[in-house]
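Okay, so here's the structure we're looking at.
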Amino acid sequence: MKPPPRLQRDFYRRDPVTVARALLGQRLVHVSQGVRVAGLIVETEAYLGHIDKAAHSFNGRKTQRTQTMFADGGTAYVFLNYGIHHLLNIVVAGVEQPLAVLLRAVEPTEGLDAMYQRRSKSKKDTDLCSGPGKLGAAFGIDLSHDGVDLVENRSLFVEQLRQRAMPKRLIETTTRVGVDYAEEWAAAPLRFYLKGNQHVSVR
């Protein structure tokens, strides 16, 4: 059976809210040492760059850590959170537009044995990737993946399972997690997840 196509550049060269919604139901894939792990993206957050006080690129802030956010849409932006967790984001829009979508949760579908090896504390499937830190660990994501082109790379990419975004009635829209410092932006409805899905991080 022919594998589904990967998401292409045009998919990512859109605003973060549109991409965050459209990523729901698509399949994240990472192949490492011949082992493929994959899962359906079920929760995302949008970050709106210059104007967004929760974004690393707020006010156009460009540092060694955030420079990847200024790359083209479809580039992986990985950072280390609290010195422990590797969080996988996808840069969207175009070059020098530091906008991104954080992948918060995935429903595992392939390579669960490898995921359990990487996350030995997990005892059930719904706990493997139900949060951005868990997702990063289960998928074997680290800082070496920062700057990877998800359109061209052969080991880390997103497969297109849906031509259109999920209907709005199937998507819960709410506030982002862990951004209380962002003042009025803490209340922005920029987190999206599939209603009723058991693999999301927070309901």
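Tabulated results
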read-out: Subset of the range 181-196 [farther than 15 Å from Leu103 by Cα and in a loop (DSSP other than H, G, I, E, B)]; value: Ala188, Pro189, Lys195, Gly196
read-out: Residue match in the range 54-62 (condition: modelled with pLDDT of 95 or more and among the basic types (Lys, Arg)); value: no
read-out: Test: Arg119 is in contact with a helix residue (DSSP H, G or I) (Cβ under 8 Å, 6 or more places away or on another chain) and without any contact (Cβ under 8 Å) to a residue 60 or more places away in the chain; value: yes
read-out: Residues that are free of Cβ contacts under 8 Å to residues at least 60 places away in the same chain and over 23 Å from Val151 (Cβ atoms), drawn from the range 50-61; value: His50, Ile51, Phe58, Asn59, Gly60, Arg61
read-out: Filter pass, Arg118 being within 24 Å of Ala71 (Cα to Cα) and touching a Phe, Trp or Tyr at 6+ places or on another chain (Cβ under 9 Å); value: no
read-out: Matching residues, the range 31-45, being over 11 Å from the mean Cα position of the chain (by Cα) and either surrounded by 23 or more Cβ atoms within 10 Å (Cβ to Cβ) or under 14 Å from Gly94 (Cβ atoms) (or both); value: Val37, Gly39
read-out: Candidate set from the range 65-85 (those that are over 15 Å from Arg9 (Cβ atoms) and either in contact (Cβ under 8 Å) with a residue 60 or more places away in the chain or under 11 Å from the mean Cα position of the chain (by Cα) (or both)); member that is surrounded by the most Cβ atoms within 10 Å (Cβ to Cβ); value: Tyr77
read-out: Selected residue (only one of Gly140, Gly178 is outside any helix (DSSP H, G or I), crowded, with 16+ Cβ neighbours inside 10 Å and on the phi > 0 side of the Ramachandran plot); value: Gly140
read-out: Residue under evaluation Gly60, criteria (1) closer than 19 Å to Gly136 by Cα; (2) in contact with a His (Cβ under 9 Å, 6 or more places away or on another chain); (3) surrounded by fewer than 22 Cβ atoms within 10 Å (Cβ to Cβ); (4) small (Gly, Ala, Ser), criterion not met; value: (1)
read-out: Verdict on Asp72 being of a type in the set (D, E, K, R) and modelled with pLDDT under 95; value: no
read-out: Neighbours by Cβ (under 9 Å, 6+ apart or cross-chain): first from the range 146-165, in a strand (DSSP E or B); second of a type in the set (Lys, Arg); value: Phe157/Arg6; Val158/Arg6; Val158/Arg27; Glu159/Arg6; Glu159/Arg27
read-out: Check on Leu156, over 25 Å from Val35 (Cα atoms), in contact with a Leu (Cβ under 8 Å, 6 or more places away or on another chain) and among the hydrophobic types (A, V, I, L, M, F, W, C); value: no
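The values are calculated or read from the model by the stated rules, or taken from the named source; none is laboratory data. Bear in mind the structure is a predicted one, so any value in this text is a computation, not a measurement. Note that we place each Cβ from the backbone using ideal geometry, even for glycine, and neighbour counts take in every protein chain shown.
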